[in-house]
Structure formats: structure tokens, C-alpha cells
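Encoded as C-alpha cells, the structure appears first; notes follow it.
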Amino acid sequence: MLLGNPHFPWNGRFRFTQQQLTIPGQYDVAGGSLIGSPVVNIGWNKDVAWSHTVSTAYRFTPYEYRTVLSPFTYLTANGLLKQVEKRNVTVTIKKPDGTLGTRSTSFYRTPQGYVIDSPSQLMGWTPLSFFAIRDANGEQLRTIDTFLNMGKATNVRDLLARQDAAGGMPWVNTTATDEWNRCVDEIGVLAEMAAEYGQTLTVEAVATFTIGTLPEALNVVGTIAKPNFKLLIDTMHVARTGGAGLLATIDPTLIDYVQICDAPLGMPSPEVYMDEALHQRMIPGEGELPLVDMMRSIPPDIVVSMEVPLRSLREAGLSDLERTRLCAAGTLKVLEAAAVSI
């Protein structure tokens, strides 16, 4: 869970308002934004959530200028006389009667930033001097680009990379979490609960899941680091995600047991993959998985179970016992070829 504390007021023009920005099939971000922002400032998508809090960096620097001859003429640090730059801005507004109109105002600036007139903060524009504020993030559009790209992030590291690419938010610190971190945190809680009852919890890498590869599963086991939390090696999932060659390098104490089956070696679409995993696994030795090499890499004394759901054999009328005998016979041949003691 990510809690956001932006250190901004709850009321007034600097409050955050709820915002949803969606382009079907391309962009989907929800969260909060400052009034007038075209993008979500603090929020989340389906993979990652982020928040900001104002940093302690010196973002706004006041410069005092001594006026000469008129309030609009000042003396620079190297003794030159310069005129304050005047910028006229016109915007479209909605009138009380509902029609559109325009409103114009003038802003004044120096090379360091815009002039302010704030007597309450001891920075009034007087006949003797005035102040301009230098904004570290002033007059650049990278802020909007950065927020927009953050909404496309798929994890925390991707979020950081998108921030660094534009450098559009030098005034805030960012906190974030993603689906991966949340997944690991929740598994850790489950492992603690299982330990209270003397049970072992396992993690199985499945290509279409958040923990999709054997290295990722090993990372989770190492992160949680509890003796009752271990690996479940499923031959189909591990082989199809390129993890078969890693089996021999794994600390045997991290493996709880193995599920054996066979399958085509290629990676099908997610829909076909899950249908195979649930209903169409093959009898060991009848597919393309490197089962013999994988079994040779498994440490001794590891439990090997069979997970071979075969809808086609059931629909052909074979009983549970007949299907089990076929699967057991195939498994024994693989283990014998791998010289695994039974």
C-alpha cells in the first residue's frame, strides 16, 4: 500500500482534485492533480502507484533589484541599467452570462524570473527596489511530459527511468510501489502465517503470472528469506521460460518439491498456455521438454510429484486409475533415464 502525503493544503487553489485520464487501449491513469493540470500528478495505473512530497531543495530563490530612475528600471550586479521585461497575457474566460470573453493582464520579469509584489512577505515592489523569484522549474514543459510518461510506467524502476529521462520535477521527492513489491509483501505475510502452523509455503514461477521466471522466483525466496518459504519447480513452466539450465545451480535447500509433466517446448499465447496448464499437459516423455536433463539437475531426496491433467484421455473414457498408471509409467522412464534413484 502506498500512502500519499504531498504536503499541499486541503483547501484553496493548491488543493488536489480527483482525476481520471483514459485513452482506451493506450493510457489509463487515476489519481489527483492540481487544478488546471492536464495530467495526473499523484496516482496509479494497473502496475504502479506513486506519490510526491515537496523536497527540501532550494527551488525558489528571491533576487532583489535596486530601482533607478523609475520602478521599471533596475541596476544589474555588474552595474548595467536594464528595463523590466513586460509580458502581456490574454486568456479566454467564461462570463457570468455563460458567454466567452477575454481577460488580459501584464507580468513583469527579469532574466532571473518573474517580479512579485508581496508586501506581507517583505517582498513588495517599492520605488526603491523589487524582487524577482527564480524558479528551478520555470518556463519548461518537461514537467507535463514527465507526469504523462510516468503514467505509462510498468514498475518502480521504469517509473524512475521515466523521471530521469526528462528531469521535469526537481522540486519533489517521489515514493512509489508496484505490483511486484505488493506481491512480495503479501507472500511474506502468508509465509509468516504458515510458519505459525508448521507449514511450508512454496512459490511457482508461471510465465503469465507476476512471478514469471525461475530467477524471479529465486529473487522472491531470497527477499522473503524464511526457512518455510521455498521453490516449487514445475517442469513445464521452468523449461518454457528458459530456466532448465539454472536448476543445477540452485541451493537444494531452497527447493521443496518438483511437479513433472511434458509439453511442447514453444511458448504459446497466454490463452493457449493456461488451457494447456489446466487441461492438456502431456505424459512425461511424450513431449519436447528436456525432462531427463532437468531431473539430473534436481538434488537427491527431493519429492517429485506428477501434474498431468489430460482432458483428452478423460474424454476418451479412461478412468482415473488408468490415466494415473500411464503418467506414472512415463515418469518412471524419465527418472530411470536420468539415473535418479527411486
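Every number in this text was worked out from the coordinates using simple rules, so none of it is lab data. None of the values given here were measured: they were computed from a predicted structure. Note that we place each Cβ from the backbone using ideal geometry, even for glycine, and neighbour counts take in every protein chain shown.
Label-to-label distance for ASP320 and ILE35 is 6.7 nm, based on points extended 7 Å past Cα in the beta-carbon direction. Show that you can apply the helix-only estimate: for the chain, add -39,500 (n - 2.57) for every DSSP H stretch of four or more residues, divide by all residues, and state [θ] at 222 nm to the nearest 500. Rounded to the nearest 500, it is -8500 deg cm²/dmol. When you restrict to C-alpha pairs under 8 Å that are six or more residues apart and normalise by the size of segment 200-337, the relative contact order lands at 22 percent. Pair-distance distribution P(r) for segment 212-313, from all Cα-Cα distances in 10 Å bins starting at 0: 15, 48, 30, 7, 0 percent. Kindly express, to the nearest 10 degrees and within the range 0 to 90, the angle between helix 214-224's C-alpha long axis and the longest C-alpha principal axis of the chain. For 214-224 against the chain, the angle is about 70 degrees. Evaluate E = 1/(1 + (r/R0)^6) for VAL272 and ILE342, where r is the Cβ-Cβ distance and R0 equals 35 Å; express this FRET efficiency to the nearest 0.05. Between VAL272 and ILE342 the formula returns 0.55. Placing +1 on each Lys and Arg Cβ and -1 on each Asp and Glu Cβ, with no other charges, gives the chain a dipole about its Cα centre of roughly 2320 debye.
Take the Cα radius of gyration of segment 85-158 and divide it by 2.2 N^0.38 Å, N being the number of residues; the result is 1.65. Using the Cβ-Cβ distance between ASP251 and GLU288 with R0 set to 30 Å, the FRET efficiency works out to roughly 0.60.
Per residue, the Cα convex hull of the chain amounts to 238 Å³. When a/c reaches 1.5 or more, the comparison of a/b and b/c decides; with that in mind, is segment 42-126 rounded, prolate or oblate per its Cα gyration tensor? In terms of gyration-tensor shape, oblate.
Computed extension length for THR105-THR126: 5.6 nm, one decimal, from 0.36 nm per residue of separation with the Cα-Cα distance subtracted.
Determine the dipole magnitude for segment 1-121: charges of +1 sit on the beta-carbon of Lys and Arg, -1 on that of Asp and Glu, nothing else is charged, the reference point is the Cα centre, and the result goes in debye to the nearest 20.
That gives segment 1-121 a dipole magnitude of about 320 debye.
Helix 156-166 versus the longest principal axis of the chain: what is the Cα-based angle in degrees, 0 to 90, to the nearest 10? Helix 156-166 sits at roughly 30 degrees to that axis. Sequence-distant contacts, meaning Cα pairs under 8 Å at least 6 residues apart, place the relative contact order of segment 150-261 at 21 percent.
Does anyone have the angle between helix 320-337 and the longest principal axis of the chain? Alpha-carbon axes, 0 to 90°, nearest 10? Helix 320-337 sits at roughly 90 degrees to that axis.
Projected onto their three principal axes, the Cα atoms of segment 1-151 cover extents of 60, 45, 28 Å, largest first.
Ordered by the count of other Cβ atoms within 10 Å of each Cβ, fewest first, HIS7, HIS237 give HIS7, HIS237.
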